[in-house]
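One structure is given here, and the rest of the page talks about it.
The values are calculated or read from the model by the stated rules, or taken from the named source; none is laboratory data. Just so it is clear, the structure is predicted and the values come from calculations on it, not from any experiment. So basically every Cβ, Gly included, is an ideal-geometry build from the backbone, and we count neighbours across all protein chains shown.
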Ligand SMILES: [Zn+2]
């Protein structure tokens, strides 16, 4: 193109009448003069098209993402749908919330009384939880933050009386946020522990137990021993329960670390992991 243009300019300059008529020369000059303008017009149109396309794609993708999130995790509500993955081997992925529940006859067959590790005989957990629990308690003690157990496995009937207690004490609305109805408690899985400090009040009697040395240590270290805080602070709309800095569920070190690092609530994490997609 550059060569042609030079040739034309040379020809038209040296012998304008030999090659082109005046009209043709003007036409050709016009074409060359307009070329940059046409290119600019094309470039601008392309730019505008690409910008419009990007904006369109952004909103399209946005709506898809939000639609997926809506589809992934149902809003918290109160229902009594049998939970999936409640076989005893599915202890890591059983998902309980205010919607999904365990059968009233669900009771792990491998519960071990915690008197075997020096705790009150009221407490029991599934056998595979014990080793890591002992390691966690030892590490907490060595860090200067000894922990005790406030609660562990609770049967369906025990949970029923627990909920009734809180309902009478706090009223229905508050009880639903702070205590699970029978069948909906992770304590029935036999893998969940409510911790407390060695001395002092019950953990729920503190403004925020996770700001005490023992509670703070547990928050930062529990996952290293396979435990996850099920109901973290400020996530009530996702976890369906008020903040419970003492309530930890055992899901094994690998999963607990993944949940901790994801910064998702356990409910969100399990929902996507356990294939609850489109279950609604
Ligand atoms: Zn609890």
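Some observations on this one:
- Residue that is surrounded by the most Cβ atoms within 10 Å (Cβ to Cβ), among those in segment 102-135 that are within 16 Å of the ligand (Cβ to nearest atom) and within 19 Å of residue 92 (Cα to Cα): 129
- Yes/no for residue 173 being without any contact (Cβ under 8 Å) to a residue 40 or more places away in the chain and either under 19 Å from residue 227 (Cα atoms) or surrounded by 15 or more Cβ atoms within 10 Å (Cβ to Cβ) (or both): no
- Residue count for segment 239-258 satisfying the condition of being touching a residue at least 40 places away in the same chain (Cβ under 8 Å) and surrounded by fewer than 17 Cβ atoms within 10 Å (Cβ to Cβ): 2.
- Any chance residue 140 is more than 13 Å from the ligand (Cβ to nearest atom), surrounded by fewer than 18 Cβ atoms within 10 Å (Cβ to Cβ) and at pLDDT 95 or above: no
- Answer from 236, 224, 219 - the residue that is within 20 Å of residue 170 (Cβ to Cβ) and either assigned by TED's automatic domain parsing to the domain that holds residue 128 or surrounded by fewer than 23 Cβ atoms within 10 Å (Cβ to Cβ) (or both): 236
- Taking segment 145-166 as the range and being away from the ligand (no atom under 16 Å from the Cβ) and touching a helix residue (DSSP H, G or I) at 6+ places or on another chain (Cβ under 7 Å) as the test, the residues that pass are 145, 146.
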